[in-house]
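What follows is a short report on a single structure.
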């Protein structure tokens, strides 16, 4: 199965980022393809490299970056939602990119499932 | 091209959070992709369609008129949950668009037909 | 169609709203704070039991464990993240937020 993920909440504030990540990991472990994680609403904050959590906490942006590096999952932030929140390519973590809502539409079209996480 | 049935479920009141506005932006973009789009208003989502919204004093751009104009973007399937409308003391006359009112069972069947469901 | 619920029923009415639209046989999965709905002896027990007569009910075990929920309502099945993936593979999804 090919899966697209829509993530609508910021990191740390809500469990959505963690559940989305755990879900993606499990899907990959089971041999499914996670095509992309599309970040929307405050979800766009998930991929900024400026986040600097304490050492004993998970680094949410790095986790997404690793998912891209190790499994080719596209990590894509909506441009309109990003601009509104002061996010641009310069502060995005390696393996993530900014794109338009048209890309989300393509993701919804080309995947067997689009799973949403948020608040 | 593969045409998917995509349902947007508006669930939040406008202005208090950005979900409805950014949901509307998503709907407008998706409308250009010639998919089978439907928008339903459930719970506080019905407030997004309330007539006579004037946001000038809260400093946030209003967008009820854009919902009213969705037909111009070929988004024709707009449905409102009857119970949500009634429990808020509203009728179709209170809303900016001529959406169709559906019963829970009809909306439930409509949801089940969809390929993709996105809550806002 | 798989419906997921991620809010405590004590905080949000999405459980009750979702149930109005649930079609017979469609599975309901509780995740995140949604799992409080299936804790034994809470005031939603009757509601969950009545839904269970027509629909399978699941709760995400890692979320139950994280919240110290040991006793859950009878008939509720627990799944891990892989079980969540299996449900998504079997059904189209409607993630209530």
Percentage relative contact order, chain A, counting C-alpha pairs under 8 Å, at least six apart: 37
Give the calculated FRET efficiency between residue C:49 and residue B:91 to the nearest 0.05, with a Förster radius of 51 Å applied to their Cβ-Cβ distance. 0.90
Give me the percent relative contact order of chain B, please, defined on Cα pairs under 8 angstrom at least 6 residues apart. 35
Ratio of segment A:1-92's C-alpha Rg to 2.2 N^0.38 Å, to two decimals? 1.02
Run a plain Debye calculation on segment C:1-90 (Cα atoms as equal point scatterers, no solvent) and give log10 I(q)/I(0) at q = 0.13, 0.18 Å⁻¹, rounded to two decimals, same order as the q list. -0.35, -0.70
Would you kindly work out the equivalent ellipsoid of the protein assembly as shown from its C-alpha gyration tensor and give its semi-axes, the square roots of five times the eigenvalues, largest first in whole Å? 29, 27, 19
Name the most mobile residue of C:33, C:55, C:42, meaning the one with the largest mean-square fluctuation, in a Gaussian network model of chain C with Cα contacts below 10 Å. C:42
What does the helix-only formula give at 222 nm for the protein assembly as shown: each DSSP H stretch with n ≥ 4 adding -39500 (n - 2.57), the total divided by the residues, and the result rounded to the nearest 500 deg cm²/dmol? -9000 deg cm²/dmol
If each of residue B:5 and residue C:10 carries a label point 7 Å out from its Cα toward its Cβ, how far apart are those two points in nm? 3.8
Chain B: C-alpha pair distances exceeding 22 Å, %: 29
Could you work out which residue, out of A:26, A:61, A:108, moves most in a Gaussian network model of chain A, that is, has the largest mean-square fluctuation with Cα springs under 10 Å? A:26
State the antiparallel share, in %, of DSSP beta bridges confined to the protein assembly as shown, rounding to the nearest 5. 5
Using a 10 Å cut-off on Cβ to Cβ distances, tally the other chain neighbours for every residue of B:16-25 and report the average as a whole number. 3
List B:51, A:8, B:4 from most exposed to least, where exposure is judged by having the fewest other Cβ atoms within 10 Å. B:51, B:4, A:8
Could you list C:96, A:64 in order of exposure, starting from the residue whose Cβ has the fewest other Cβ atoms within 10 Å? C:96, A:64
Per-residue mean of other chain beta-carbon atoms within 10 angstrom of the beta-carbon, peptide C:53-63? 1
Reduced to Cα centres, the span from segment C:46-79 to segment C:81-95 in Å works out to 16
If I model a spin label at residue C:82 and residue A:12 as a point 7 Å from the Cα along the Cα→Cβ vector, what separation in nanometres do I get? 3.3
Averaged over residues of B:78-88, the number of beta carbons from other chains lying within 10 Å of each residue's Cβ is 1
Out of all DSSP beta bridges in chain C, what portion is antiparallel? Express it as a percent rounded to 5. 5
Length-normalised contact order of chain C in % [C-alpha pairs under 8 Å, at least 6 apart]: 37
If you take every DSSP beta bridge whose two residues both sit in segment B:1-103, what share of them, in percent to the nearest 5, is antiparallel? 10
If the elastic network links every pair of Cα atoms under 10 Å, which of C:43, C:67, C:20 fluctuates the most in the Gaussian network model of chain C? C:20
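Readers should treat all values here as calculations from the given coordinates under stated rules, not as data from a laboratory. Being a predicted model, the structure only gives us computed values, none of them experimental. No Cβ is skipped: glycine too gets one built from the backbone with ideal geometry, and neighbour counts run over all protein chains shown.
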